[in-house]
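The next block holds one structure in the form of structure tokens; read it before the comments.
The values are calculated or read from the model by the stated rules, or taken from the named source; none is laboratory data. No experiment lies behind these values; they were computed from the predicted model shown. Neighbour counts run over all protein chains shown; Cβ positions are idealised from the backbone, glycine included.
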Amino acid sequence: MGFVHANVLRRWTTAAVVVVVLIGSSSWLLGQDAGDVGGPKEPLRYVGHANPDPLKGDAGLPWAVGVQNFQVLRASRLFANVSDGQGWTFHHAQNLAYWRGKFYAEFIASPVQENGFPTNVMMATSSDGRNWSMPEVIFPQWNDYKDPQHPIRSQLHQRMGFYVAPNGKLLVISHYGLWNNEQNKIFGGPGHVVREVHEDGTLGPIYFVRFGEGWSAANAPYPFYTASPDKGLVEACDALLANKFVTDQWFELERGYPPDAYIQIPGIKADSKEARNKRKALSYFHRKDGAAVGIWKKAWTSISTDNGKTWSVPVQAPGVAQTFAKLWGQKTSDGRYALAYDPFSEPPGYRWPLAVVTSDDGITFNHMLVVDGELPFRRYQGYAKNNGPQYVRGIEEGSPQPPDGSMWLVYSVNKEDIWVSRIPVPIRGSVDKAVDDNFNDMKTGGIVTDWNIYSPRWAPVEVVDFPSATNKSLRLQDGDPYDYARAARVFPLSKKGSVEFKLMAKDANREMDIELDTPHGKRPVRITLNQNGQMEVANGSHMVTTGVYATDAWMSFKIDFNAASQKYSVSVNGKMLVKDAGFAEPATEVQRLCFRTGAYRAAYIDQSGARGDEGYFTGHIDPLTDHPLKTPAVYYVDDVATK
């Protein structure tokens, strides 16, 4: 199997980039010409000029400032006790909720591949969005072998996962379909199920909330919700069924049955093939003018002016990538709007990076920024395991929101690992103040303010009480053989200046790369502390060894750079190591300081098909080597300042 590499990759990690679309101003109001932007013929559009590069994990796009990326689950076949408890390596169909001080992430799990057998639905919880519990099975595989000639095997899936009812109850939702071994597709099935999530973490009984065609309480594995003795649960389920914004997300799995249960779209029958092609994975938000905007896969969009009773005929949004990997739109806490998706259309369907665009009015979006630009290799084989961060979902409109006002997203990477991203609001791609961070005013183990953090389960990045509780630092700890820890600080766009910081290599059994980067992913300044105890500095296209670096002791770095001369100098503890080294890449300015416990990795393109559902993809590691390192690398960063 061949791959295209932008450069030699020394470590494999999946880069997931989230795109947020900022909505610009628009004068469209309800009742104006339907041909105007914002009307039925064009509910929204992207007006920016981003030109994503598929050979870069972050596509060469600017980063949204201060995004924190945390891994909810890392697939591991050997170490199920720190993965999903099963040793399964397909995880997908994720959803996110926040309720009474906790985050909830739901996803499906299968041993090897998409639409695999068996399938369980799992849920993990977190009090801070960073540290996640061991997931538990909440909807188990169901099989019926009463008829040996026609055994029933379930296939679980969900397009939406949580609903907070008006009476305050939290319901978690999934769908039992039927597994077809010949077609490897979901079809028919008993229908949608719910469970109540209690505040103490326990779960109520499983009930069907809507049966599929030909199914009833007589032949389904669980009772209908009206049989529950809990009147509050029945009331919550009634409210769920009455909310067509929510239940329209069931359309694809229920195959439009029953037809009268869905939002009516002129000229498109609910049970038609056209409807199934245009109504996959609904995301929606309400604009300031009261119109509701619906967004489906491949950027099909529609509006409703009567709160979802009727919708305009779906059209594909101009400028928005027509991706099959889901799009997510929402109103943000500052009264603006954001749209998150993978910025490449089908074909080729590259599912990286995860990006976000923003808007003032929910009509015109602009300013594409990266949410997750890391692209690790897919570790395990499996059918339809697309590369990259994908199938992004956020917290449903009208549901409780985290008190920090940030935009939270959940997505899968390579369809094996589950991640969340915290995007500070307002969403921005630059800063205007010089950096002066000593981490002392940040919460230990909490959010690393204004830093872009990539924190895998086996390679966490966090503020720690080191060397003391009153003199904190940022720790990058890497025990993952196929991923790395990364922390980056955006500073004012600069043609000339200096960057200072302190660094301690506590356990340097993984390399530490230090870079100054441009907004579009060029890396003109490069320093490496390699595993042999040597420091290397880029001078043009060559790495020059400058000598042995200290371990278990603070080193004070200063980098002076000048884009006019394309030169930079590096000193450590006041001693000049390299003077007037040439930029490794031409750059007119720099904007990011990056610390990374591993070599830079470009995007890779799987030559057997980018989307993955054309065939059974192989993994890119020896599964027997995929285990946490006995001695993780540990680095500390402190006193970061720019001038």
Problem - Single unsatisfied condition, ALA50 versus (1) touching a Leu at 6+ places or on another chain (Cβ under 8 Å); (2) closer than 30 Å to TYR163 by Cα - result: (2)
Completion exercise
Of the candidates THR301, THR305, the one satisfying the condition of being crowded, with 19+ Cβ neighbours inside 10 Å and of a type in the set (S, T, N, Q) is THR301
Completion exercise
Restricted to the stretch 97-123 and to residues being of a type in the set (A, V, I, L, M) and in a strand (DSSP E or B), the residue farthest from HIS157 (Cα to Cα) is ALA97
Handout entry: Which numbered condition TRP88 misses (of (1) modelled with pLDDT under 95; (2) more than 26 Å from ILE423 (Cα to Cα); (3) crowded, with 22+ Cβ neighbours inside 10 Å)
Key = (1)
Handout entry: Selection status of GLY24, farther than 24 Å from PRO400 by Cα, at pLDDT below 90 and among the small types (Gly, Ala, Ser)
Key = yes
Practice task
Scan the stretch 411-436 for residues that are in contact with a Phe, Trp or Tyr (Cβ under 8 Å, 6 or more places away or on another chain), within 27 Å of TRP88 (Cβ to Cβ) and not in a loop (DSSP other than H, G, I, E, B) and report the count.
Solution key: 8
Handout entry: Selection within the stretch 380-407 - within 30 Å of ASP626 (Cβ to Cβ) and surrounded by fewer than 21 Cβ atoms within 10 Å (Cβ to Cβ)
Key = GLN381, TYR383, ALA384
Practice task
Name the single residue, out of those in the stretch 275-320 being assigned to a strand (DSSP E or B) and of a type in the set (Ser, Thr, Tyr), that is modelled with the lowest pLDDT.
Solution key: THR310
Fill in the blank from the handout: Going through the stretch 131-161 in order, the residues found to be among the hydroxyl-bearing types (Ser, Thr, Tyr) and over 27 Å from THR202 (Cα atoms) are TYR145
Exercise for the section: Can you confirm whether the stretch 133-143 contains a residue that is more than 30 Å from TRP458 (Cβ to Cβ) and assigned by TED's automatic domain parsing to the domain that holds ILE418? Expected result: yes
Practice task
Determine whether PRO348 is modelled with pLDDT of 95 or more and in a loop (DSSP other than H, G, I, E, B).
Solution key: no
Completion exercise
Of the listed residues (ALA538, ALA584), the one being more than 13 Å from LYS495 (Cβ to Cβ), part of a strand (DSSP E or B) and among the aliphatic types (A, V, I, L, M) is ALA538
Problem - Filter pass, ALA75 being in a strand (DSSP E or B), in contact (Cβ under 8 Å) with a residue 24 or more places away in the chain and under 18 Å from the mean Cα position of the chain (by Cα) - result: no
